[in-house]
Structure formats: C-alpha cells, structure tokens
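Here the structure is laid out as structure tokens; the discussion comes afterwards.
The values are calculated or read from the model by the stated rules, or taken from the named source; none is laboratory data. Just so it is clear, the model here is predicted, and its values are computed rather than measured. So basically every Cβ, Gly included, is an ideal-geometry build from the backbone, and we count neighbours across all protein chains shown.
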Amino acid sequence: MKYGAKNKITGRVAEVKTGDVMCQVNLVIDAGAEMSSVMTMDSLKELGIQPGDKVRVVVKAVNVLLVKE
C-alpha cells in the first residue's frame, strides 16, 4: 500500500473505547510513548482492530503546533 505521509510509527493497541458512532483507539508505540486515534465505529469494524493488535500509525498533519511555556 502506498500513501503520501512520511511519518510512520509501529505500535500496539492497548485499549479501544467505543461509543455509538465514534471510538478512541489508544496505542503504545515502539518508543514507549502513547498515542491515540479517533475513528468511526464503521472504520474500526472494517479494519478489525482489537486490543493487542500490532498496527502501523501513519501521521499526516496539516498543522503541527508547538507550545513553549
């Protein structure tokens, strides 16, 4: 599969929080940090994502904000 994003990270699904229409997938990435992704329930079912699954995280952001306090 080809895609136009350069930021690719491997991780493992730690938890899936489901709602009526949307869900939050919490991940632990290989570097030991945590990330989350929000998607529709339809997408979750289509991908078949479950806790413990190894996934590739592809990040393509239009805006990346840095804040120094």
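Could you tell me whether Leu47 is touching a Ser or Thr at 6+ places or on another chain (Cβ under 8 Å) and of a type outside the set (S, T, N, Q)? Here the answer is no, as Leu47 does not meet what is asked. Inside segment 1-51, residues that are polar (S, T, N, Q), more than 10 Å from the chain's Cα centre (by Cα) and at pLDDT 95 or above make up a count of 4.
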